[in-house]
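As structure tokens, the structure follows; a few thoughts come after it.
The values are calculated or read from the model by the stated rules, or taken from the named source; none is laboratory data. In this text the structure is predicted, and so the values were computed from the model without any measurement. Cβ: placed from backbone, ideal geometry, glycine included. Neighbour counts: every protein chain shown.
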Amino acid sequence: MFFALMRKEIIAHVLSLRFGVTFALFLLLVFASIYVTTNEYRRDQDEAFAVDRAADADLRKIFTEEEKVEDRFYAVFYHHGRREAVPPPPMSSLVQGLRPAMPAAVQITPGNSRYVGRSIEGNPLAGLLPIPDLVYVVGIVLSLLAILFAFDSICGEKEAGTLRLIMSNAVPRDSILLAKWAAGFLVLLVPFLIAVFGGVVYTWYVGALPTDADTLARLGTLLGFACLYISTFFTLSLAVSAVTHRSSTSLFLCLLIWVVWILVIPNLAPVVAKIIEPGYSPLKIAQEKEAVYREIHLRIQRLTLTTGKVSYGKGIEEEKEKLERERTRRLEQWDRFQSDSIDRQKRLAGIFGRLSPAACWTYAAVAVAGTGAESYQAFENASKQMSDDMRKTAESIRPPPQRDVRDFTLDELPRLKLTSVPFARAAEPAVNDLLILAILNVAFFMTAFVCFLRYDVR
Amino acid sequence: MLGSLIKKEILEHLMSLRFAIACVLCLVVILCSVFVRARDFVQVLDDQRQETKMANQWLDDLREPWALGWSGRPIAVPRLANPMKVFVRGVRSDNGGAVNVSTRTRLEPSYRPVSSPAVVLFPPIDLVTFVGVILSLMALVFGYDAVCGEKERGTLRLMLSYSVPRRTVLLAKWIGGYVTLIVPFLLAAAVGIVVVMIQPDVSLDGGQWARLGAILGLATVYVAAVYSLAVYVSVLTRKAATSVMVLLSLWVVLVLVVPNLAPHASGVLHPIPTAGEMEKQREAARKEIDQRTRALTKAWDEQNGFGDKWWEGFPWGKWPEMERVYARWIFQTDMNSKARAETFEAWERIDAPRRRQLDQQVTLTRWIGRVSPFSCFAYASTELADAGVLYDRRLDDQLRAYQRDLTAYAWRECLFMEHKGLEARDKDYPDWRKVREAGIPRFAYVPPAAGDYLRVAAIDGGILAGMAVLFFFLATVTFLRYDVR
């Protein structure tokens, strides 16, 4: 009975206009999206190579132009530093995540990192709207198509009079609902999976996606999340269609929920978080830190005046060290204050955003793909590490107590060592999103089931 | 007759659920959007004031401006924070910020660290996104069953049994639906503008107010185009379910797909050299100039007795030997100054064809995108808000000119430094001070004339108006032959 019902539903869907439209849109959109993001990835890679090449050429130029080793040392370590491109994360060919907001390069001198913004050479109109990556297509377009597939599953059949006809046979209502859900979701999923498969094969073919086990695991999890997310909207529409009696009412309600979930809540969540936890702007923190620097610098300068001691010797060195320790402590306090405030803001934005499945999907997808907050943190850690390495290298070339600079080569300069977060750790934050989506699915299906049991089919 | 029909349509819409939803969405989303964006702008303005102060202070305190030439240390040129970005996000998501201008490297935008990933993943909605995405969806919901819905309910047959011209019925439907849709939006936009006005520090000048008015005008034309399309599809179909399916599919393609894919499609159809390829060409040009400069310097050294490691054992500080060194430094500085100017010229020559190609690509993007009314609205609005391609290009041109001025100034300072050393020894030495300018050049953005804004927005506005008229005309023609039974 169940399979007969499912077959009937599948045939009804496949023969409908909406299936034709959805199939065409799925194929077109998913493939176009993957094609575009793959090209973006290759362009990013190309730019990263160009930045590295230009930076190496700059350094080589210094080595050729600066005749004295001392001049070369100062030019390399204090004026120029080492510039390293920030390569795109491997999965950004499918999921952009925070990639567009990451710097193009980082310029490192001992103890200091300067981030370089992304090139402004491309087509400026590309920045007008978000890059249509897989997260965008699934999150916005496919969720709407899922609604279109199911908004009249029950109330539409009631309006057409076919529901009454089915119910006049000895068919349990739960079987009808389950058959509707399973058939509709299957018909929705098949074109999606075909399109994704085609897109991923293309990405692999052009070499924009690694073929290792880690990537496969990420890809599989990403697709699982996408299916669960699409199912959430599909089940929601089914529930709404079981609650309402007219397909137009069902459509309004579904579209309203879609607009609120997709366009309103996720965009308002960071704002609410910002209002609750305003924090300081990075510039203000930088100013405060600058003020600390200046104050301690002046106090060190005044040491000789206030103490009447000479500017060298044990006593004055101790005082200087004390002041430097105070500076380090106060600077760390400001850093801690800033990072705590940002963490609280992030947490609040995450909590409010997760009122919408779209935010759950986006957070989960970027976490699984390794293009989210973790990847940004990994980049920041790598640049800090490189800065420390630069300091150590500088000290090894010109040891502090001595003044002599030994000759050095380009190969001795440290490089940016970006490590990707392992899949198991990257997927950890996505567990909560998985649970939320699963709970929403179950809740909507239960609502649909309970309402359909009491549904007036006349 | 028309008045009565419009009244009937308006009343019908006012009593419907969709009107209540439209009102709530317009108010909530527009108010939240402008409130948040205005707050962000105040913070950006505050940051920018500090940045400008610091940048000016740095330039004022620059005791050794000649170092700009040798070290190539960049100057951060702040970009003006644009109050229009409270309403329109534009082609760049950030407001304000700075561009680093150096005498050695190309222009580089400064980078602002990501404070919260949520803001990057879900940027606050602006007026263009609200109108383009949400209001257009509401326009479809308002118009999808304008004709076929009445046919399904049987009221259309009843109405046309009276002596009412069909075109009057359709016109009344259009006006009634459009008014009930646009009035809540305009009211919400007006409240939003008041919210912006009461924010401290957010002030628009006369030109900006006029352009904001033009953006709102464009929004009404855009909604008219989408609403006309909805009415047309409703006339084309017999069932409301088919109409809504067709319209939502069209909406997905025209609002969510075409505008996002247009830049990428034009990139495929009209490819331009990548940044990497350009960098290679620039690097080759620079290398060639540097090698030539080095060869000339070496030849000069050989002619003037400066061998390898000449500095070892040189009587530093002893005159007249020092005069030889100064002469060498002056020659080197002069050569470097010329090499730098030549490098920038070479880069300009290399960049010029690509910039032309990029312009063609942007034009192609616009024409592909103009299939969608949303793209037309977004392109025109961003230009009117001074946050579009026109602004980007003008700023880039002006910054390039500034970079050339700054480089020339920095190397003149370098030359001055060397000559000063000689001047101190020789009273009859020519006074190099007179070649110095009053001070270090400062950058000030010159906005385009009002006519430029209108010119770029006129095409898109015209297309939108044309779409509105065309769809309504097609709806009227189809409705004249519509089977109301």
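Being surrounded by fewer than 16 Cβ atoms within 10 Å (Cβ to Cβ) and within 10 Å of another protein chain (Cβ to nearest Cβ), is that true of even one residue in segment B:290-297? Please lay out each step first, then the result.
Our first condition is that a residue be surrounded by fewer than 16 Cβ atoms within 10 Å (Cβ to Cβ); within segment B:290-297, this holds for B:291-292, B:294-296.
Next, only the ones that are within 10 Å of another protein chain (Cβ to nearest Cβ) stay: B:291, B:294.
Yes, the conditions are met somewhere in segment B:290-297.
Please identify the pairs in which a residue from segment B:355-368 that is more than 7 Å from chain A (Cβ to nearest Cβ) and without any contact (Cβ under 8 Å) to a residue 12 or more places away in the chain has its Cβ atom under 7 Å from the Cβ atom of a residue that is exposed (fewer than 14 other Cβ atoms within 10 Å of the Cβ) and part of a helix (DSSP H, G or I), counting only partners at least 6 apart or on another chain.
Close Cβ pairs (under 7 Å, with a partner that is exposed (fewer than 14 other Cβ atoms within 10 Å of the Cβ) and part of a helix (DSSP H, G or I)) do not exist here.
Quick one: count up the residues across segment A:250-263 that are touching a residue at least 40 places away in the same chain (Cβ under 8 Å) and either under 21 Å from the mean Cα position of the chain (by Cα) or more than 7 Å from chain B (Cβ to nearest Cβ) (or both).
At the first step, the residues of segment A:250-263 found to be touching a residue at least 40 places away in the same chain (Cβ under 8 Å) are A:250-251, A:254-255, A:258, A:260-262.
From what's left, either under 21 Å from the mean Cα position of the chain (by Cα) or more than 7 Å from chain B (Cβ to nearest Cβ) (or both): A:250, A:254, A:258, A:260-262.
Selection size over segment A:250-263: 6.
Within segment A:4-27, can one find any residue that is surrounded by fewer than 17 Cβ atoms within 10 Å (Cβ to Cβ) and charged (D, E, K, R)? Steps first, please.
Looking only at segment A:4-27, we keep the residues that are surrounded by fewer than 17 Cβ atoms within 10 Å (Cβ to Cβ), and these are A:4, A:7-8, A:11-12, A:14-17, A:20, A:24, A:27.
This time we only want the ones that are charged (D, E, K, R), so: A:7-8.
Scanning segment A:4-27 turns up at least one residue that is surrounded by fewer than 17 Cβ atoms within 10 Å (Cβ to Cβ) and charged (D, E, K, R).
Before we move on, is A:VAL171 assigned to a loop (DSSP other than H, G, I, E, B), more than 14 Å from chain B (Cβ to nearest Cβ), in contact (Cβ under 8 Å) with a residue 40 or more places away in the chain and at negative phi?
Numbers: assigned to a loop (DSSP other than H, G, I, E, B): yes; more than 14 Å from chain B (Cβ to nearest Cβ): yes; in contact (Cβ under 8 Å) with a residue 40 or more places away in the chain: yes; at negative phi: yes.
When the stated conditions are applied, A:VAL171 passes them.
Could you name every one of the helices (runs of 4 or more DSSP H) located completely within segment B:10-123 that has at least 3 residues being in contact with a strand residue (DSSP E or B) (Cβ under 7 Å, 6 or more places away or on another chain)? Don't jump to the end; show me each part of the working.
On the way: elements: B:17-61, B:67-71, B:117-121.
Of the helices (runs of 4 or more DSSP H) lying wholly inside segment B:10-123, those with at least 3 residues that are in contact with a strand residue (DSSP E or B) (Cβ under 7 Å, 6 or more places away or on another chain) span B:17-61.
What's the total number of residues in segment A:424-451 that are hydrophobic (A, V, I, L, M, F, W, C), surrounded by fewer than 17 Cβ atoms within 10 Å (Cβ to Cβ) and farther than 30 Å from A:ALA150 by Cβ?
Residues flagged as hydrophobic (A, V, I, L, M, F, W, C), surrounded by fewer than 17 Cβ atoms within 10 Å (Cβ to Cβ) and farther than 30 Å from A:ALA150 by Cβ within segment A:424-451 amount to 1.
Which one is nearest to A:ILE140 (Cα to Cα) among residues in segment A:26-36 that are facing chain B (nearest Cβ under 9 Å) and not small (Gly, Ala, Ser)?
Keep residues of segment A:26-36 that are facing chain B (nearest Cβ under 9 Å), which gives A:28-29, A:32-33, A:35-36.
Add one more test, that the residue is not small (Gly, Ala, Ser), and what stays is A:28-29, A:35-36.
Values: A:LEU28: 15, A:LEU29: 11, A:TYR35: 18, A:VAL36: 17 Å.
The residue in question is A:LEU29.
Being closer than 25 Å to A:ASP71 by Cα and either charged (D, E, K, R) or buried (at least 17 other Cβ atoms within 10 Å of the Cβ) (or both) narrows it down to one of A:ASP388, A:ASP456, so name that one.
A:ASP388
Go through (1) within 29 Å of the chain's Cα centre (by Cα); (2) modelled with pLDDT under 90; (3) farther than 30 Å from A:CYS155 by Cβ for B:ARG286 and report which single condition fails.
It is condition (1) that B:ARG286 fails.
Please find, among A:ALA75, A:ALA57, the residue that is more than 8 Å from every other protein chain (Cβ to nearest Cβ), among the small types (Gly, Ala, Ser) and either touching a residue at least 12 places away in the same chain (Cβ under 8 Å) or surrounded by fewer than 21 Cβ atoms within 10 Å (Cβ to Cβ) (or both).
On the way: A:ALA57 fails: more than 8 Å from every other protein chain (Cβ to nearest Cβ).
Within the list A:ALA75, A:ALA57, the selection yields A:ALA75.
Just give me the residues in segment A:354-364 being assigned to a helix (DSSP H, G or I) and either surrounded by fewer than 24 Cβ atoms within 10 Å (Cβ to Cβ) or within 15 Å of the chain's Cα centre (by Cα) (or both), in sequence order.
Our first condition is that a residue be assigned to a helix (DSSP H, G or I); within segment A:354-364, this holds for A:357-364.
Those that are assigned to a helix (DSSP H, G or I) and either surrounded by fewer than 24 Cβ atoms within 10 Å (Cβ to Cβ) or within 15 Å of the chain's Cα centre (by Cα) (or both): A:ALA358, A:ALA359, A:CYS360, A:TRP361, A:THR362, A:TYR363, A:ALA364.
Residue by residue, here is whether (1) within 7 Å of chain A (Cβ to nearest Cβ); (2) out of contact with any Lys or Arg (no Cβ under 6 Å at 6 or more places or on another chain); (3) farther than 30 Å from B:LEU59 by Cβ holds:
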{"position": "B:SER102", "(1), (2), (3)": "no, yes, no"}
{"position": "B:PRO109", "(1), (2), (3)": "yes, yes, no"}
{"position": "B:VAL114", "(1), (2), (3)": "yes, yes, no"}
{"position": "B:PRO117", "(1), (2), (3)": "yes, yes, yes"}
{"position": "B:THR129", "(1), (2), (3)": "no, yes, yes"}
{"position": "B:VAL133", "(1), (2), (3)": "yes, yes, yes"}
{"position": "B:LEU137", "(1), (2), (3)": "yes, yes, yes"}
{"position": "B:THR155", "(1), (2), (3)": "no, yes, yes"}
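Conditions (1) of a type outside the set (D, E, K, R); (2) closer than 20 Å to A:SER231 by Cβ, marked per residue:
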{"site": "A:SER92", "(1), (2)": "yes, no"}
{"site": "A:ARG99", "(1), (2)": "no, no"}
{"site": "A:PRO103", "(1), (2)": "yes, no"}
{"site": "A:ASN123", "(1), (2)": "yes, no"}
{"site": "A:PRO132", "(1), (2)": "yes, no"}
{"site": "A:ASP152", "(1), (2)": "no, yes"}
{"site": "A:LYS158", "(1), (2)": "no, no"}
{"site": "A:ILE166", "(1), (2)": "yes, no"}
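Would you check if B:SER163 is at the interface with chain A (Cβ under 8 Å from one of its Cβ atoms), outside any helix (DSSP H, G or I) and over 22 Å from the mean Cα position of the chain (by Cα)? It would help to see each step written out before you state the result.
On the way: at the interface with chain A (Cβ under 8 Å from one of its Cβ atoms): no; outside any helix (DSSP H, G or I): yes; over 22 Å from the mean Cα position of the chain (by Cα): yes.
In short, no.
Considering each of A:LEU410, A:LEU348, A:LEU418 in turn, give the residue that is more than 26 Å from A:PRO282 (Cα to Cα) and either surrounded by fewer than 19 Cβ atoms within 10 Å (Cβ to Cβ) or touching a residue at least 60 places away in the same chain (Cβ under 8 Å) (or both).
Numbers: A:LEU348 fails: more than 26 Å from A:PRO282 (Cα to Cα); A:LEU418 fails: more than 26 Å from A:PRO282 (Cα to Cα).
Exactly one residue qualifies, and that residue is A:LEU410.
Any residue that is surrounded by 13 or more Cβ atoms within 10 Å (Cβ to Cβ), touching a helix residue (DSSP H, G or I) at 6+ places or on another chain (Cβ under 8 Å), more than 11 Å from chain A (Cβ to nearest Cβ) and more than 23 Å from B:PHE185 (Cβ to Cβ) - is there at least one of those in segment B:203-220?
Yes, segment B:203-220 contains a residue that is surrounded by 13 or more Cβ atoms within 10 Å (Cβ to Cβ), touching a helix residue (DSSP H, G or I) at 6+ places or on another chain (Cβ under 8 Å), more than 11 Å from chain A (Cβ to nearest Cβ) and more than 23 Å from B:PHE185 (Cβ to Cβ).
Filter segment B:271-283 for residues that are under 11 Å from A:ALA50 (Cβ atoms), touching a residue at least 40 places away in the same chain (Cβ under 8 Å) and surrounded by 18 or more Cβ atoms within 10 Å (Cβ to Cβ); which is farthest from the chain's Cα centre (by Cα)?
Ranking the qualifying residues of segment B:271-283, first place goes to B:ARG282.
The rows are residues; the columns are (1) at pLDDT 85 or above; (2) away from chain A (no Cβ under 11 Å).
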{"site": "B:LYS8", "(1), (2)": "yes, yes"}
{"site": "B:CYS23", "(1), (2)": "yes, yes"}
{"site": "B:GLN50", "(1), (2)": "no, no"}
{"site": "B:TRP58", "(1), (2)": "no, yes"}
{"site": "B:SER71", "(1), (2)": "no, no"}
{"site": "B:GLY90", "(1), (2)": "yes, no"}
{"site": "B:SER93", "(1), (2)": "no, no"}
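Given the conditions (1) over 23 Å from the mean Cα position of the chain (by Cα); (2) free of Cβ contacts under 8 Å to residues at least 24 places away in the same chain, which single one is not true for B:CYS26?
So the condition that B:CYS26 fails would be (2).
Within segment B:439-458, can you find the residues that are assigned to a loop (DSSP other than H, G, I, E, B), surrounded by 15 or more Cβ atoms within 10 Å (Cβ to Cβ) and among the hydrophobic types (A, V, I, L, M, F, W, C)?
Scanning segment B:439-458 gives B:ILE440, B:PHE443.
Among the listed residues A:MET102, A:MET91, identify the single one that is out of contact with any strand residue (DSSP E or B) (no Cβ under 8 Å at 6 or more places or on another chain), under 30 Å from A:ALA394 (Cα atoms) and hydrophobic (A, V, I, L, M, F, W, C). Show your work before the answer.
Working: A:MET91 fails: under 30 Å from A:ALA394 (Cα atoms).
Being out of contact with any strand residue (DSSP E or B) (no Cβ under 8 Å at 6 or more places or on another chain), under 30 Å from A:ALA394 (Cα atoms) and hydrophobic (A, V, I, L, M, F, W, C) holds for just one of A:MET102, A:MET91, which is A:MET102.
Those residues that are crowded, with 22+ Cβ neighbours inside 10 Å and of a type in the set (A, V, I, L, M), I need them from segment B:178-187; list them, please.
The answer is B:LEU181, and nothing else.
To keep it simple, each residue is scored yes or no on (1) among the aliphatic types (A, V, I, L, M); (2) in a helix (DSSP H, G or I).
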{"position": "A:ILE10", "(1), (2)": "yes, yes"}
{"position": "A:LEU25", "(1), (2)": "yes, yes"}
{"position": "A:TYR35", "(1), (2)": "no, yes"}
{"position": "A:GLU40", "(1), (2)": "no, yes"}
{"position": "A:ALA50", "(1), (2)": "yes, yes"}
{"position": "A:ARG72", "(1), (2)": "no, yes"}
{"position": "A:GLU84", "(1), (2)": "no, no"}
{"position": "A:PRO100", "(1), (2)": "no, yes"}
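Residues that are over 30 Å from B:SER266 (Cα atoms), modelled with pLDDT under 85, more than 7 Å from chain B (Cβ to nearest Cβ) and surrounded by fewer than 22 Cβ atoms within 10 Å (Cβ to Cβ): does segment A:128-147 have at least one?
No, every residue in segment A:128-147 fails to be over 30 Å from B:SER266 (Cα atoms), modelled with pLDDT under 85, more than 7 Å from chain B (Cβ to nearest Cβ) and surrounded by fewer than 22 Cβ atoms within 10 Å (Cβ to Cβ).
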